[in-house]
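Written below as structure tokens is the structure these notes are about.
The values are calculated or read from the model by the stated rules, or taken from the named source; none is laboratory data. Everything numeric here is computed off the predicted structure, so don't read it as measured data. Positions of Cβ are generated from backbone atoms using ideal geometry, with glycine treated the same way; all protein chains shown enter the neighbour counts. Note: accessible area is taken over every heavy atom of the protein model, side chains too, but ligands, DNA and RNA are not part of it. Shrake-Rupley method; radii C 1.70, N 1.55, O 1.52, S 1.80 Å.
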Amino acid sequence: MDYRKFGNTELNVSVIGFGSWGIGGPAMAKDLPIGWGNVDDRTSVQALKKAFDQGINFYDTADIYGVGHSEELIGKTFGNRQDVIIASKAGHLINAEGDLSVNYSKSYIIQACEKSLKRLRRETIDYYQLHSAQVKHLQQGECIEAMETLQKAGKIRYWGVSLNTFQPQPEADFLMQHQLGNGFQIVFNLLNQRALPLIRKAAAAGYGIIARMPLQFGLLTGKFNKNSRFAKNDHRVFRLTPELLEKADHLLQEVWQKAKEKGISKTAYSLSFCYSFPEISTVIPGIKTPEQVLSNTTGIVKLSDEEIAFMQRLYQEKFTELIQLIEKNG
Ligand SMILES: NC(=O)c1ccc[n+]([C@@H]2O[C@H](COP(=O)([O-])OP(=O)(O)OC[C@H]3O[C@@H](n4cnc5c(N)ncnc54)[C@H](OP(=O)(O)O)[C@@H]3O)[C@@H](O)[C@H]2O)c1
């Protein structure tokens, strides 16, 4: 496992991290699935332990993942150990009516952090993120005050924003202009390379970069085809439609040919693509099982400049329509 410095912070993060949304389990906001289907807690804990054995020291979670359950499992597994780096998030919640909602007020964020610390069984959260906060929330300022207050109180070490999936620029620009925060979490993968200029700009300005969704919901493992279907409690049921699956399967054939030539798995090739950008501090595939830990930490290599250029051409010339469809599905 390689480790990279997280921007200007003192954190040294494993280049592959552990995305902990899935292990939260099948939470629902009324009829809306906000998890990844059924999981078994014993398997999730085994996955967390296996990840640590494989050198993964960076675990990304959020209070909304399994409505606290993802944080609880991480707390139960690692507690207050200092050799794991925990990143969590606040701002999303299920409101009294049972709907998915947001709150970025100072008092809410401070309370949410205290609750996360309890579930995580930690004294400090290493990196705390405003979960998809928008410019209007940042401009209003309370959420920034909350982060600074928590930092001064030693409840969090560093903070940043987990940026909007499709329009990450305005919030990143706001923090960079005001020299606030320490990092950004950004969607970046072989299919969706849109954020690359932003990643480069933010890294140059000293921000740590977390590349999320590196497997685009599992599409970039090559395991799905047009006949794949998802359970009602898996958010992919409305995101990975048969139309989208068929298009992706067709478009990815050229990528899989390159993986074959390189002699690594499709998953390893997809993760290698992200790993090959030194501006990215850590790449966080969502992980549910020890087997996925192994396949997400094996065979990751730096792609050649030629391979990267080829993938960038594919993105510009062939993937745009698919990304638009992914955006439409939310
Ligand atoms: N707004 C935000 O802040 C935000 C939004 C999204 C994600 N995130 C963070 O980013 C992390 C990663 O993103 P993501 O979970 O959306 O997507 P992802 O990494 O692109 O895909 C993860 C899914 O792919 C499947 N998978 C993973 N490794 C595999 C392997 N080796 N072989 C086969 N299948 C594999 C798993 O699902 P199955 O086994 O069920 O197929 C897993 O849940 C999340 O866990 C979360 O920490 C943050």
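Can you tell me which of GLN324, GLN292, GLN316, GLN312 is within 11 Å of the ligand (Cβ to nearest atom) and open to solvent by 40 Å² or more (accessible area, probe 1.4 Å)?
Working: GLN324 fails: within 11 Å of the ligand (Cβ to nearest atom); GLN316 fails: within 11 Å of the ligand (Cβ to nearest atom); GLN312 fails: within 11 Å of the ligand (Cβ to nearest atom).
Just a single option satisfies the conditions, and that option is GLN292.
So SER44 ticks every box in (1) open to solvent by 10 Å² or more (accessible area, probe 1.4 Å); (2) among the hydroxyl-bearing types (Ser, Thr, Tyr); (3) under 18 Å from the mean Cα position of the chain (by Cα) but one. Which box is left unticked?
Among (1) open to solvent by 10 Å² or more (accessible area, probe 1.4 Å); (2) among the hydroxyl-bearing types (Ser, Thr, Tyr); (3) under 18 Å from the mean Cα position of the chain (by Cα), the lone unmet condition for SER44 is (1).
Looking at (1) open to solvent by 60 Å² or more (accessible area, probe 1.4 Å); (2) without any contact (Cβ under 8 Å) to a residue 60 or more places away in the chain; (3) farther than 19 Å from ASP234 by Cβ, which one does LYS50 not meet, given that it meets all the others?
(2)
Which residue out of ALA259, ALA231, ALA248 is within 30 Å of SER44 (Cβ to Cβ) and not in a helix (DSSP H, G or I)?
ALA231
Considering only the stretch 229-254, state which residues are buried (at least 18 other Cβ atoms within 10 Å of the Cβ), more than 30 Å from GLU279 (Cβ to Cβ) and within 11 Å of the ligand (Cβ to nearest atom).
Those that are buried (at least 18 other Cβ atoms within 10 Å of the Cβ), more than 30 Å from GLU279 (Cβ to Cβ) and within 11 Å of the ligand (Cβ to nearest atom): PHE230, ASP234.
Looking for whichever is under 19 Å from PHE277 (Cα atoms) and either modelled with pLDDT of 95 or more or not acidic (Asp, Glu) (or both) here; the options are PRO170, PRO214. Which one fits? Break it down into steps so the answer makes sense when it comes.
Details: PRO170 fails: under 19 Å from PHE277 (Cα atoms).
Residue meeting the stated conditions: PRO214.
Got a number for residues in the stretch 190-228 being of a type in the set (Ser, Thr, Tyr), crowded, with 22+ Cβ neighbours inside 10 Å and either in contact with a helix residue (DSSP H, G or I) (Cβ under 7 Å, 6 or more places away or on another chain) or not in a loop (DSSP other than H, G, I, E, B) (or both)?
Adding up the residues that qualify gives 0.
I'd like to know if the stretch 92-113 contains one or more residues that are closer than 14 Å to GLU171 by Cβ and touching a helix residue (DSSP H, G or I) at 6+ places or on another chain (Cβ under 7 Å).
For the stretch 92-113, residues closer than 14 Å to GLU171 by Cβ and touching a helix residue (DSSP H, G or I) at 6+ places or on another chain (Cβ under 7 Å): present.
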